[in-house]
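S.K.: This is the structure I want to talk about, given as structure tokens.
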Amino acid sequence: MRNEPWLLKPQKTKEILQRYGIRMQKKFGQNFLIDSHVPEKIVAAADINGTDFVIEIGPGIGTLTQYLCYAAGSVAAIEIDRHLLPVLDETLADWENVEVISGDVMKLDLSALIARKTRELEESPGQEAGAADRPSASLQNDRAVSVKVVANLPYYITTPILMKLLEEELPIDSITVMIQKEVADRMQAAPGTSAYGALSLAVQYYAEPKLSAIVPPNCFVPRPNVDSAVIHLARRMPEERIHVQDSRKMFAIIRAAFSQRRKTLVNALRNAADLRKPDGTSYTREEAEQALMACGLPLTVRGEVLGLQEFARLSDTL
Ligand code: SAM
């Protein structure tokens with residue numbers, strides 16, 4: 001028999017929170033979903049099918065997790081708050097295709113988790129709970145397992161989590177997350193706009209961001225003070241990214257350009273704390289100016305108007 005998500009049936013969430021005496025932990029960024037349209041939108045944006053392995057960060061009381069279990073082949077849900085584990089035992093009892101992992105996602109070896117889970121799925125395709133009676137599962141069984149991260153992220157740690165997922169070169173196909181709308185805007189921002197910055201360039205280097213939905217505060221308990229957004233990041237494989245000889249150097253240039261936003265790029269490059277020549281010394285004004293001229297850029301240019309391609313070229317030239 002196929003399980004269906006039930007947690008968001010009227011009154012259920014509040015009843016469970018009361019019954020377990022759950023007190024929301026602000027320090028863990030807990031804003032739980034109470035609107036059933038939102039998990040549906042998140043699952044649709046993530047484009048999950050019955051052979052996918054989904055990693056959820058912060059299942060809370062399992063609201064979104066139920067929808068993920070319904071749609072995916074296998075789910076691993078990583079939760080830092082131990083008080084929620086007994087609740088998850090109850091709310092996820094109907095699903096055999098979920099593993100709840102107690103811990104901090106920032107400390108977990110995600111590479112080992114992905115290797116273990118994809119091996120399990122490849123060895124027994126379609127055997128996960130619920131997968132066999134979903135039409136998409138049988139159609140997709142001949143495909144390799146796709147790994148997707150899906151989460152309503154804790155807002156206090158959104159950027160570190162996403163940068164970990166992107167920079168560690170994990171074999172993840174896509175990341176679909178609910179985050180603060182303002183952060184989603186920064187991820188998608190184009191050069192020359194006020195939202196454009198180091199985060200825009202880092203995300204756009206590793207992935208193709210697409211905003212999927214805006215979610216108002218009344219969809220959560222407690223209500224956050226700001227609007228949220230669902231953003232889908234389709235990972236770019238290394239060969240699909242902007243070509244640059246040394247991406248770490250390019251990101252040092254980018255950090256320098258935006259940490260001193262009001263300065264010209266020449267001054268930012270000269271004063272950058274973590275940008276050094278191979279001999280360990282800083283770039284001189286003349287060297288910075290020569291690099292800009294070689295890239296066809298005006299000497300008064302500020303970093304905030306340069307695109308990824310221009311930063312890559314500058315990095316290769318310096
Ligand atoms: N997924 C649930 C929902 O949508 O209702 C809860 C989302 S809530 C915004 C964020 C969740 O992430 C909380 O359950 C919180 O305890 C958990 N969390 C916070 N920091 C974490 C971390 N470093 N590692 C794993 N989980 C974390």
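The values are calculated or read from the model by the stated rules, or taken from the named source; none is laboratory data. Values in this document were obtained by computation on a predicted structure and should not be read as measured data. Counting neighbours? That spans all protein chains shown, and the Cβs are built from the backbone with ideal geometry, glycine included. Heavy atoms of the whole protein, side chains included, go into the accessibility calculation; ligands, DNA and RNA do not. Shrake-Rupley method; radii C 1.70, N 1.55, O 1.52, S 1.80 Å.
S.K.: Tally up the carbon and sulfur contribution to the accessible surface of the range 172-219 as a whole percent, 1.4 Å probe, everything protein left in place.
M.R.: Exposed carbon and sulfur together represent 48 percent of the surface.
S.K.: Pairs LYS12/LYS210; LYS12/LYS148; LYS14/LYS117; LYS117/LYS249; LYS41/LYS181; LYS148/LYS181: which are spaced more than 24 Å apart, C-alpha to C-alpha? Walk me through the numbers before you get to the answer.
M.R.: Working: LYS12/LYS210 32 Å; LYS12/LYS148 28 Å; LYS14/LYS117 33 Å; LYS117/LYS249 34 Å; LYS41/LYS181 15 Å; LYS148/LYS181 21 Å.
Over 24 Å apart, Cα to Cα: LYS12/LYS210; LYS12/LYS148; LYS14/LYS117; LYS117/LYS249.
S.K.: Return the calculated 222 nm mean residue ellipticity for the chain, to the nearest 500 deg cm²/dmol, obtained by summing -39500 (n - 2.57) across DSSP H runs with n ≥ 4 and dividing by the residue count.
M.R.: Counting only the DSSP helices, I get -11000 deg cm²/dmol.
S.K.: I need the phi-derived Karplus couplings for the range 16-28: 6.51 cos²θ - 1.76 cosθ + 1.60, θ = phi - 60°, integer Hz, Gly and Pro marked x.
M.R.: These are the phi-based 3J(HN,Hα) values: 5, 4, 5, 4, 8, x, 6, 9, 4, 9, 4, 5, 9 Hz.
S.K.: For LYS9, which aspartates and glutamates qualify as cross-link partners when the Cα separation must be under 15 Å and same-chain residues fewer than eight apart are set aside?
M.R.: ASP35, GLU40
S.K.: Taking 0.36 nm per intervening residue step and subtracting the Cα-Cα distance, what contour gain separates ASN225 from ASN3 on full extension?
M.R.: 76.5 nm
S.K.: Using the per-residue mean of other Cβ atoms lying within 10 Å as a proxy for protection, in what order, highest first, do the peptides 44-55, 223-234, 64-75 fall? It would help to have the intermediate numbers written out before the result.
M.R.: Details: 44-55: 23.2, 223-234: 18.0, 64-75: 27.2.
By packing density, highest mean first, the sequence is 64-75, 44-55, 223-234.
S.K.: Please build a GNM for the chain, connecting alpha carbons under 10 Å apart, and tell me which residue among PRO238, PRO278, PRO216 fluctuates the most.
M.R.: Result for the chain, Cα springs under 10 Å: PRO278 fluctuates most.
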